[in-house]
1. Subtract the Cα-Cα distance of residue 130 and residue 27 from 0.36 nm times their separation in residues, and report this length gain in nm to one decimal.
2. What FRET efficiency do you get for residue 321 and residue 176 if R0 is 22 Å and r is their Cβ-Cβ distance, rounded to the nearest 0.05?
3. Please list 3J(HN,Hα) in residue order for the stretch 292-297, calculated via the Karplus relation 6.51 cos²θ - 1.76 cosθ + 1.60 where θ = phi - 60°; whole Hz, with x for glycine and proline.
4. If you take the square roots of the eigenvalues of the alpha-carbon gyration tensor of the stretch 239-337 and sort them as a ≥ b ≥ c, do you get rounded (a/c under 1.5), prolate (a/b over b/c) or oblate?
5. Leaving ligands and nucleic acids out of the surface, order 328, 42, 96, 289 by accessible area at 1.4 Å, largest first.
6. Any idea of residue 210's accessible area? Nearest 10 Å², probe 1.4 Å.
7. Between residue 210 and residue 112, what FRET efficiency comes out of the Förster formula 1/(1 + (r/R0)^6) with R0 = 35 Å and r the beta carbon distance, rounded to 0.05?
8. Over the heavy atoms of residue 41, what accessible area does a 1.4 Å probe trace out, to the nearest 10 Å²?
Amino acid sequence: MPTISSWESLTNPKLPPKDRLRSYALLFSKTRAGDAPHLPREQDLTTAEREQFNALHQELVDLRDAVRGVVTSSSSGSIWTFESGPITIVCPEVPESVRSPLAKEENPNYAWAYRYADLDALIELWGHIRASNPELPVEHVSSTEVGDSHLNGHLIVLGGIGWNRVAARLQRKLADLPIRQVVVPDLENGEIFRLGARGGREFRPEWMEVENDGPKTVDAGRIAADQAEDVWRDGRRRELVEDVALLARLRNPYTDQGTVTICSGVYSRGVLGAVRALTNAAVRDRNEEYIASRFPSGSFAMLMRVEMTKNGGALAPDLQTQGNRLFEWSPDEGAGE
């Protein structure tokens, strides 16, 4: 029985669907002597059999939900493959003052999607999740559109606390998560990561300062906020060479029926790097293997290094390379490393 074997597999476990649990409970609730094993109809159960059915079915559902809360939703080894929906991707929204003219409804070339920030990350992730979950409902919404219905099921949050109000709300609700994203005065267009309260270890991007005598890598914290941009100033140009990304998969604090996945960065390239870690064909299998072995419960959070390509794109980090892993944490382990 291939299907049953897949539910019992230790290497690639799959959770049985809820309707199958109902069938199991029905099968074992009818125990009249002399009856050949068969699947009865619920309406044919006696009062005692119905009580046994209800108790057994609830026990199976509770066990399944307990496993879902720890193992998360993956049934294929990938955190982007879900057993059930809905799946909602929550995107940050660009402030109106800096939106593209094409985001204005009076523009004949208006497109609502121009209100989204982190579009590269959304496009990469949307296509991957739709392809991996062809029969499940997948929706993307801006953080200002999120309602109660969007918070049920599986929630994927793109971007940081600056432009994504859902990310800010989640940071308050996930009180045990030691990684905080914070606004600092010397960085105007992004939010750094900090461990714990004020004074904890900080993780910042790196810039390369290009001068006449050659490039020099500098810490963003030593560059004034109005200078930490890819522009020429006083004969020098500063380029972002490395961002910091957060990838986390935890139980959805709004419902016990789903998960929350956070893909964030100090800048948008970090967000894209967090997404590409598990979508890019060159590294995703290796990264899935690392996550599965390092965090067998399926719940985790990690900060990673995201390097830039020559044209300013974000490289997909290989988590098997120790230098790309800046900090790791699991609710089952407590303090990270």
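The values are calculated or read from the model by the stated rules, or taken from the named source; none is laboratory data. Because the structure is a prediction, the values reported are computed rather than measured. Note: ideal-geometry Cβ built from the backbone for every residue, glycine included; neighbour counts use all protein chains shown. Areas reflect the complete protein model, heavy atoms only, side chains present, ligands, DNA and RNA absent. Shrake-Rupley method; radii C 1.70, N 1.55, O 1.52, S 1.80 Å.
1. Values: separation 103, 0.36 × 103 = 37.08 nm, distance 3.54 nm.
Length gained, residue 130 through residue 27: 33.5 nm.
2. On the way: r = 28 Å, r/R0 = 1.27.
That pair, residue 321 with residue 176, gives E of 0.20.
3. Couplings: 5, 7, 6, 10, x, 6 Hz.
4. prolate
5. 96, 289, 42, 328
6. 30
7. 0.40
8. About 140 Å², rounded to the nearest 10.
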